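Asker: Dropping the structure in here first, questions after.
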Amino acid sequence: MSAQSLKRYGRIIGLKPEAYEEYVRYHAAVWREVLKTIHDCNIRNYTIFYRDNVLFAYFEYIGDDYAADMAKMAADPKTQEWWTIMDPMQHPVATAKQGEWWSPMQEVFHTD
């Protein structure tokens with residue numbers, strides 16, 4: 001993997017306050033099938049942070065076709081099952097575009 005092939009992503013979404021404990025409980029034991037799909041879709045260093053009812057996700061993408069890998073992930077039955085549980089706990093942020101779930105963020109600084 002070259003430095004050019006790695007792309008960093010940051011995304012945010014709201015978390016319903018009453019869902020916090022359940023969300024944390026699920027993420028303490030993410031299903032192995034979901035983790036495998038994340039890995040198979042070329043995502044590395046995937047981290048989710050929480051503050052003030054907002055989730056911030058950071059991950060690194062090492063593949064060549066992000067759209068195809070995201071379509072592959074979305075087509076995975078176990079991932080779909082996971083999202084069916086997670087989605088009702090979440091809500092788009094106020095500034096989300098129409099149809100956007102996790103909203104992308106612009107990287108403005110990075111250092112190794």
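Bear in mind these aren't lab numbers, they're just calculated from the coordinates by the rules spelled out. The model shown is predicted, which means the values in this text are computed figures rather than measured ones. Ideal geometry is used to build each Cβ from the backbone, glycine not excepted, and the neighbour counts take in all protein chains shown.
Asker: Mind checking Rg over Rh on the chain, alpha carbons, Kirkwood formula for Rh?
Answerer: Working: Rg = 14.4 Å, Rh = 15.1 Å.
Value, to two decimals: 0.95.
Asker: Given that compact globular proteins tend to follow 2.2 N^0.38 Å, what is the ratio of the alpha-carbon Rg of the range 59-111 to that value? Provide the component values of the computation, followed by the final result.
Answerer: Working: Rg = 13.6 Å, N = 53, 2.2 N^0.38 = 9.9 Å.
Output field value: 1.37.
Asker: Based on the mean of other Cβ atoms within 10 Å per residue, sort peptides 92-100, 31-39 so the most packed one is first. Kindly include the intermediate steps, with their values, before the conclusion.
Answerer: Numbers: 92-100: 10.6, 31-39: 14.6.
Ranking, from highest mean packing down: 31-39, 92-100.
Asker: Moving on to the next point. So how many Lys-Lys pairs in the chain land under 20 Å Cα to Cα, not counting same-chain pairs under 8 apart?
Answerer: Numbers: K7/K36; K7/K72; K16/K97; K36/K72; K36/K78.
For the chain, the number of qualifying lysine pairs is 5.
Asker: Can you list residues whose amide H is under 5 Å from Y50's amide H, if they're 5+ apart or on another chain and H is modeled 1.01 Å from N?
Answerer: F56
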